[in-house]
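The values are calculated or read from the model by the stated rules, or taken from the named source; none is laboratory data. Note that the coordinates shown come from a computational prediction; the quantities given were computed from them, not determined experimentally. Note: ideal-geometry Cβ built from the backbone for every residue, glycine included; neighbour counts use all protein chains shown. In case anyone asks, the SASA skips ligands and DNA or RNA and just uses the protein heavy atoms, side chains included. Shrake-Rupley method; radii C 1.70, N 1.55, O 1.52, S 1.80 Å.
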Amino acid sequence: MNHRQRDWLEFGHQSDYVRKYIHADNIRASLYVSIIVIALEVWMLLSLSRMIVDSAAAGTPRDLAWIINHGAWYVVLLVVSIALFVHAIRFMRRKTYNARAGNTLLAIFAVTALAFGIHFGYNSYMKGEQILAFVTMVFFVFGLIVWKPVPAFFASTLTFGGFYLYIDHGLPATYGTQVNLFTLWITAFVVMLASYTRQVSEASKAERIEQANERLRNIATFDELTGIPNAHTFNNAVSILFKGIDEFSVSYAVLYMDIENYKSYNDKYGFVAGDNLLRDVAEGLLEIFSTELVARYSDDHFVALCETEVVESRVASANELLHRLRGDVRLHLKTGVFQPEMKEGIDVSQALDKARLACNEIKRHPGVRMNVYDKSLEQQFNRRQHIINSVKTAVAEGWIKVYYQPVVRCSDGSAELCGYEALARWDDPEYGFMPPFAFIETLEEFREIDKLDRCVIEQVCRDLRAALDAGEQPVPVSLNFSRLDFELYDVTVFLQEMSQKYAVPSDLLDIEITESALTVQVSELRRNMAILHDSHYSLWLDDFGSGYSSLNVLKDFRFDVLKIDMAFLRGFEDNKKSQPILQSIVALAKELNMVTLCEGVETREQFEFLTSIGCDRAQGYLFGKPSPTKEVPSL
Ligand code: C2E
Ligand code: MG
Ligand code: MG
């Protein structure tokens, strides 16, 4: 028989799950069989006792040999059935279950029952009575062995064949009996096969459901990429742990780890290698925190919980791990640590947030690898919370203000206004006037930046409309977009809505996208950029040169304007290197048909140099600081 035939007959190899499922089914069936057999044998033994008592009363007592001859079978079958019953109960309670002993017991029961059936069937047949005892026993046994069709086939053939030869030997069977026996055999086998097939299909269905559940459980519990626990599991586990804490128990610290420069690693080695790195880091962290809790939180961020005492050694090991894995990209692990006060009701997500804040704070201190959350961060934490909690109010109440900074055209020493950049400010009743660095990052971190950006876009359109209504000819205004904007809402649709609502032509709105936006998932961004180009918006690459992949960006994306980061002008006078660099960037942009704009121009010399190397536009305090609408001419 080949594989397909065997599978078709359901004799093929079964998965562990299916075998266990059918086995469990049979053990449950054996419970009922054993109860019936116990009841039957008890009944038989009672009848036998009555017969013995009645015979003794009638003065013809039975001798011992007669009693043993008639009662031994019942006793043996009773004992085996009781054993089977106990075995089934233990199996169902999952207590000290021994599969080998169980199978042996089933086999002993099967053989005993068959022998009993043959013995009594034969005796009845010899007395010219029905052979029902045999039939009953055979069915009992098959009820138990259907989960093994091949052995069951041989068992049934041998039993029926054996019985037939046995009775034929004592009292030759008639043709009718022969036919009946054959029919019985074939029916028993078909019933058995049908039952087996049904069991297999039920078991396979149950297996598929179980597998699906398992997958769901895994997705909900473990991080798909690295296989270690995910944020959700971590939060749950820590919540449970913190619930059981009393004031005097050990003190724990929450760690938030971020791989610094991970994006450059991705750029250099590609996404597959980047994923592999994350897997290796996860595996290593799992080992380092083997007796504690560790999870992948998001992207290249991991979180852990350990006793305060071991924080430093764990962080050191984690840094060593990264050092081993990093290749020739300068990867570091930054760790923010928060030590909550050990008392009832610690809020896990807030604890993590504080650890994260401590971690992000490291950015401003190069060379630092670990930062512990302290009182000085508390103020910042509160301000962040305030920003997140009140962004909607800020938009609704007009706390978000748009400031405009002029952009000029460089032409032979004269600077002619050619545009404005719209820059957001947050005028808070509690925290006062805040520049973007105080809120942009936080809004991005909590994926709320779209609320601010839409508000800015609408205000810019409103201001442009007012200028147009006043009969002026406003210059274009460039808007800053976060990469998240392209994930959080349909930028193109929103821009079109606003242009229509305020009747502002699209050539009055320019779009600035920062270089760092182009180093993460870009498919949505790319799609949007294509549509925006088609709708005649001008796309600007902001902060060029501030990241690691500047040149790749030029190769992979089409921009109309290149905004050179102000970092190139810092130390312009002393650092003679920045001049040739600026010169080659401008030349390169020209070759790629891009307009160049240099940010952060503060001195006359800088401006003259930029004009001399052919830079098209300039922006900076030399021409004007960002100012509110009412102070901006022509807006
Ligand atoms: P950016 O787009 O590169 O904006 C230029 C920043 O440089 C502005 O800071 C501007 O005030 C400053 N700047 C301009 N000229 C000079 C100069 O000569 N010297 C110096 N030292 N600085 C100069 P600002 O307004 O604080 O904005 C910072 C960043 O915040 C912006 O960088 C932009 O990335 C982001 N941002 C501002 N407004 C928005 C917004 O509405 N939405 C989004 N998503 N981001 C915004
Ligand atoms: Mg900008
Ligand atoms: Mg910029």
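Quick notes on this one:
- The residues of the stretch 218-327 expose on average 50 square angstrom of accessible surface per residue, using a 1.4 Å probe on protein heavy atoms.
- Along the chain, counting only GluC sites (Glu not before Pro) with a DSSP assignment other than H, G, I, E or B and at most 13 other Cβ atoms inside a 10 Å radius, the longest segment between sites is 1-128.
- Over the stretch 3-216, accessible surface divided per residue gives 59 Å², non-protein components excluded, 1.4 Å probe.
- Which of 551, 105, 77 is most accessible, then next, and so on - probe 1.4 Å: 551, 105, 77
- If R0 is 56 Å, the Cβ-Cβ spacing of residue 389 and residue 99 corresponds to a FRET efficiency of close to 0.40.
- Solvent-accessible area of residue 372 with every protein chain in place, 1.4 Å probe, in Å² to the nearest 10: 60 Å²
- Note: the stretch 146-254, Cα convex hull, 189 Å³ per residue.
- Quotient of the Cα radius of gyration of the chain and 2.2 N^0.38 Å, N being its number of residues: 1.63.
- Potential extension, residue 290-residue 417 segment - 0.36 nm per residue separation minus Cα distance: 39.5 nm
- Where a label projected 7 Å from the Cα of residue 577 along Cα→Cβ would reach, residues of the stretch 252-267 with amide N under 19 Å: none
- One compactness figure for the stretch 383-619 is 1.03, namely its Cα radius of gyration divided by 2.2 N^0.38 Å.
- Largest to smallest in accessible area, the residues 540, 73 fall in the order 73, 540 (1.4 Å probe, all protein chains included).
- For residue 473 and residue 313, a Förster radius of 56 Å and the Cβ-Cβ distance give a FRET efficiency of 0.25, rounded to the nearest 0.05.
- Helix-derived mean residue ellipticity, 222 nm - over the chain, DSSP H n ≥ 4, -39500 (n - 2.57), to 500: -19000 deg cm²/dmol
- For the pair the stretch 29-53 / the stretch 179-195, the C-alpha centres are spaced 27 Å from each other.
- Scanning the chain for long hydrophobic helices, with DSSP H runs required to stretch 24 angstrom or more by C-alpha along their axis and to average at least 0.0 on the Kyte-Doolittle scale, returns 16-57, 64-92, 99-126, 149-170, 271-288.
- Relative contact order [Cα under 8 Å, 6+ residues apart], the chain, whole percent: 8 percent
- Pairs of alpha carbons in the stretch 231-373 whose separation is greater than 18 Å (percent): 54 percent
- Shown for the stretch 3-216: the carbon plus sulfur share of the solvent-accessible area, taken with all protein chains present and a 1.4 angstrom probe, equals 67%.
- Rounded to the nearest 10 square angstrom, residue 154 shows an accessible area of 120 square angstrom against a 1.4 Å probe.
- Antiparallel DSSP beta bridges within the chain, percent to nearest 5: 60 percent
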